[in-house]
Each structure stands twice: as C-alpha cells, then as structure tokens.
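The values are calculated or read from the model by the stated rules, or taken from the named source; none is laboratory data. Source: prediction; values computed, not measured. Cβ coordinates were reconstructed from backbone atoms using ideal geometry, including for glycine residues, and neighbour counts include every protein chain displayed. The protein model used for the area step is the full one, side chains on, heavy atoms only, and it has no ligands, DNA or RNA in it. Shrake-Rupley method; radii C 1.70, N 1.55, O 1.52, S 1.80 Å.
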Amino acid sequence: MAHEASERASWVLVHEELSRLARARSALDFEEGRWLLRAAREHVYRHLGFGSLFEYVERVFGYKPRTTEDKLRVAAALEALPTLAETVHQGAVNWSTARELTRVATSETEQAWITAARGK
C-alpha cells in the first residue's frame, strides 16, 4: 500500500517537473526569438564578421537557417499579437503552438485562437 502511494507520488513529481520545464522552455524560446529579431535589426552579425545573420546563428548557436527563419517570423508576428505574446511568455501556450497560431491569427482573432489552442 505504501509502495503504491510512493509510485503515484513519483509519477506526479515527474509530470510536474516536465510541465515546469516545458513552461520554462516556452518562455526561453519567446525571449530567444525577441533577441534574434533584435540581432537581425541591429545587424549583429556584421559587427562580428559574419556574412549573414543565418551564418552567425548557425556557427555560434548551431541553428539551421530554417530554425532561425521560424524563430524570426514568430517573434515578428508576436509583436503584433500582444495577448498571444504574453500567453507564450507565461508558458500557457507553448512555442510550437504559437508558431502555428502566428500563421493564422490576427489582432482581431488572436483571443479566439488562444482559447481554441489551450490544452491542445
């Protein structure tokens, strides 16, 4: 009986920690996207001697151009979708969901999309 309770507590702890990490990762993806967008706008790569932002990000951070492109697109879209941006930053919607929502959401429809995406 005590062993059963211990196992249940163990899986609950595992689930809680994984959920915490997912929320933290979403917040970090949000921040990273914002900083990558700023790096693009300020041409950071030129100051460091790289030929392009994509070369800089791939060599320094290991991201392929497609990943960088996605992060920049989502970060730019979130600037125009402040409610979605805050939801992602808080970890209530994960980055991959935000990536998809930014393809369809507008300032008029963002709340409806956020509501539809919760828990999915």
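Extension gain, LYS64 to ARG46: 0.36 nm times the residue separation minus the Cα-Cα distance gives 4.6 nm. Averaged over its residues, the chain has an accessible area of 66 Å² per residue, based on protein heavy atoms and a 1.4 Å probe.
Which whole-number percent gives the relative contact order of the chain, counting Cα pairs below 8 Å spaced six or more residues apart? Intermediate results must be reported in sequence, preceding the final value.
Values: 89 pairs, mean separation 32.7, N = 120.
Value for the chain: 27 percent.
An ellipsoid equivalent to segment 53-120, defined through the eigenvalues of its Cα gyration tensor, has semi-axes of 25, 12, 9 Å when rounded to whole angstrom and sorted largest first. Evaluated with a Cβ-only charge set (Lys, Arg +1; Asp, Glu -1), segment 1-96 carries a dipole of roughly 360 debye about its Cα centre, given to the nearest 20. Seen from every direction in turn and averaged, the convex hull around the alpha carbons of the chain projects onto 9.4 nm². Put simply, when 108-118, 9-19, 86-96, 32-42 are sorted by average Cβ atoms within 10 angstrom per residue, most first, you get 86-96, 32-42, 108-118, 9-19.
Per the helix-only calculation at 222 nm, which mean residue ellipticity applies to the chain, given -39500 (n - 2.57) for every DSSP H run of n ≥ 4 and division by its residues, nearest 500 deg cm²/dmol?
Only helices count here, giving -25500 deg cm²/dmol.
In the chain, the portion of solvent-accessible area held by carbon and sulfur atoms comes to 57 percent [1.4 Å probe, whole percent, DNA, RNA and ligands not counted].
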